[in-house]
1. Rolling a 1.4 Å sphere over the protein heavy atoms, what is the accessible area per residue of the chain, to the nearest Å²?
2. Do you know the Lys pair count in the range 54-202 for C-alpha distances under 16 Å, with sequence separation 8 or more or different chains?
3. First compute the accessible area of the range 89-207 with a 1.4 Å probe, then give the percent of it belonging to carbon and sulfur atoms.
4. List the residues, sorted by chain then number, that are 5 or more residues from residue 267 or on another chain and whose placed amide H is less than 5 Å from its amide H.
5. Under 22 Å Cα to Cα from residue 242, which lysines show up? Leave out anything in the same chain fewer than 8 places away.
6. Suppose we look only past 19 Å in the calculated P(r) of the range 165-240. What percent of the Cα-Cα pairs does that tail hold?
7. Given the range 146-193, report the % of alpha carbon pairs whose separation exceeds 16 Å.
8. For the chain, what are the DSSP H helices with axial Cα length of 20 Å or more and mean Kyte-Doolittle hydropathy of at least 0.5?
Amino acid sequence: PAKHFLTSLCIVFSCLAAECVAQQQSGSARLVAVRNTLVASEAPGIVRHIEAKAGAKVVEKGVIVRLNDEIFVAEHDIAVAEEEIAKLEARNNVNVEYAQKSAEVAAAILEKSVSANRLYAKAIPAIEIEKLRLEWEQARLSGEQAAMELDAAQWNEKLKQRKQQAAKVRLDSRQVHAPFPGTIAQVFVQPGQWVNAGEPIVRLMNSERLRAEAYLDEDLIREVKVGQTAYFEYTLAKETEKVPATVTFVGEEIVEGIFQVWAEFDNPQGRHLPGMEGRLILE
């Protein structure tokens, strides 16, 4: 009996020791969404309409809030019209072709006149030859000028294109877009309210990837490594669940005997919720 008692006692102590080690390698943790941000307005203005209320799902680049944009719409329309006019001018090479043809005709007439004088002396007066030479030179220079004007029109088209793009950027700044797909957790503004550039408009959260933020005993700081397997364990409605995760951050600062550890895991079905509290257990 004494032998059996000692054996039982050893098993009990072994279990207690294992439980102590397990407790040392775990710490209280809380779930947060990895993507959880305050979405701000890029420009100052008046809130005209809130497209997505609190709790609404939004897609990436979806419009959340619209600011006053009447002037910016008009500026963009003008810039688009100017760009179209510039495109027409940049593609209009009629003057160049006309000048080239004129120069060719003038050169041909001059050449024939000079040839005629070679065959028949003074068939065409010298003054007439000089006049024809001047007309050819004028036509040639007109062609060069037309080519330069066409080149300038093409550069003007590029300038108008940039102006239209700038107007589009200013117009887009009148809308607050979602930087990633998620759920509107909070809305901080109301229609008619003035907002400044950089002022938070809504809080956007995506719970498809969660992070368990935990604090562990300082004795473990040299043992925990990024990439290590961990588990987030919590109890909800009297049911305990253990979710595998991967350590993504190990704090390098000890405060009052503890240090911070993060472990992340995918949550595509939304089964686990930000704000849940439990324990982070190291493998």
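1. On the way: 18340 Å² over 283 residues.
Result: 65 Å² of accessible area for each residue.
2. Total qualifying Lys-Lys pairs in the range 54-202 comes to 9.
3. On the way: 4430 of 7800 Å².
Carbon plus sulfur share of accessible area: 57 percent.
4. 209, 210
5. Within the straight-line limit of under 22 Å, residue 242 reaches these lysines: 225.
6. On the way: 1847 of 2850 pairs.
Value for the range 165-240: 65 percent of Cα pairs lie more than 19 Å apart.
7. Numbers: 739 of 1128 pairs.
Distances greater than 16 Å cover 66 percent of the Cα pairs.
8. Numbers: long enough: 2-24 (33 Å, 1.07); 70-90 (30 Å, 0.28); 94-119 (38 Å, 0.10); 126-172 (69 Å, -0.94).
In the chain, the long hydrophobic H runs are 2-24.
The values are calculated or read from the model by the stated rules, or taken from the named source; none is laboratory data. What you see is a predicted model, and the numbers here were worked out from it, not measured in a lab. Positions of Cβ are backbone-derived with ideal geometry, glycine not excepted, and every protein chain shown enters the neighbour counts. The protein model used for the area step is the full one, side chains on, heavy atoms only, and it has no ligands, DNA or RNA in it. Shrake-Rupley method; radii C 1.70, N 1.55, O 1.52, S 1.80 Å.
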